[in-house]
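Enquirer: This is the structure I have questions about; it appears just below.
The values are calculated or read from the model by the stated rules, or taken from the named source; none is laboratory data. Since this is a predicted model, take the numbers as computed values, not measurements. When we count neighbours, we look across all protein chains shown, and the Cβ atoms used for this are built from the backbone with ideal geometry, even at glycine. Heavy atoms of the whole protein, side chains included, go into the accessibility calculation; ligands, DNA and RNA do not. Shrake-Rupley method; radii C 1.70, N 1.55, O 1.52, S 1.80 Å.
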Amino acid sequence: MTAVTIKTPQEIDKMRVAGRLAAEVLEMIGPFVVPGVSTGELDRRCHDYIVNVQKAIPAPLNYKGFPKSICTSVNHVVCHGIPSDSKILLEGDIVNIDITVIKDGYHGDTSKMFGVGSVPTHAEKLMRVTQECLYKAIALVRPGTHLGDIGFVIQQHAEASNFSVVREYCGHGIGKVFHEDPQVLHFGARNTGMQLCEGMTITIEPMINAGTRFTKLSTADNWTVTTKDRRLSAQWEHTIAVTAEGCEVLTRRSEERL
Ligand code: MF3
Ligand code: CO
Ligand code: CO
């Protein structure tokens, strides 16, 4: 992490462009998330779209040694799943696709859950409640809101459904730097932590588990994070600018009202 940076209106303009591109990658890839596709193929399609169509850079590729252009986290994988030609999506799987692009020096970072074909009711509920956690947090983003208020509302909503909040990974400031201060925790107490100011750009990206909150980092690749109990996990992410009035969701997709 680095320092908290306040973006000028000109910088927010660039963040808006990067954010829209990241959102458009998620919109593009949706129809390809079907039973039988490999996560390696999804990675190639996103990579080619980002590089050749958007003329942008896939930020994960070679980031701290990450080997692919997107993250694909299937079922009990919490985050940072590495796409692979041998990982075939099956009917009933749930998968998070996390896209970060760099355009004109600025980052846009967003992820969503996809059901593969038709998905069991409990998995649908986990995906829905996790998206609601993100939306309830976004509704609080305005100058003066404490970071703890954001964590609190996410934790409340997840735990009300008997789900748990992953604590080892968090949202972050974002701009010219992929991960900068502040850390945006997805749990916490009201009226604690830093207060948001106009011009901050942050991500909120709750990871919610069906079982216990505990995670395990793969010793094989040092990236893949799974739930310790091997039960399902879901995540949704947006990049958000704090405005004088409230906020602007820079990675909003056209399917979203917000
Ligand atoms: N996109 C992730 C985030 O939301 C970070 C992925 S880092 C990578 O912060 F190296 F795994 F790609
Ligand atoms: Co992020
Ligand atoms: Co992300």
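Enquirer: Please compute the modelled spin-label separation between I88 and E245, points set 7 Å along Cα→Cβ, answer in nm with one decimal.
Expert: 5.0
Enquirer: I want to verify a result. In a Gaussian network model of the chain, Cα cutoff 10 Å, which of these has the top mean-square fluctuation: V53, V101, V119?
Expert: V53
Enquirer: So, one more: Figure the gain on full extension for R44 and S254 (residue separation times 0.36 nm, minus the Cα-Cα span) and round it to one decimal in nm.
Expert: 73.3 nm
Enquirer: Follow-up question, since we're still on this one. With a probe of 1.4 Å, find how much accessible area region 158-258 has per residue, and write the answer as a whole number in Å².
Expert: Ligands and nucleic acids excluded, the figure is 46 Å² per residue.
Enquirer: Using only Cα atoms, locate the centre of region 65-133 and the centre of region 1-41, then give the distance between them in Å, rounded to an integer.
Expert: 13
Enquirer: Under the rule a/c < 1.5 gives rounded, and otherwise a/b versus b/c splits prolate from oblate, where does region 76-183 land using the Cα gyration tensor?
Expert: Oblate, since a/c reaches 1.5 and b/c is not below a/b.
Enquirer: Give the cross-link partners of K7 among the aspartates and glutamates, using a straight C-alpha distance below 19 Å as the criterion and excluding same-chain residues fewer than 8 apart.
Expert: D104, D109, E180, D181, E198, E245, E248
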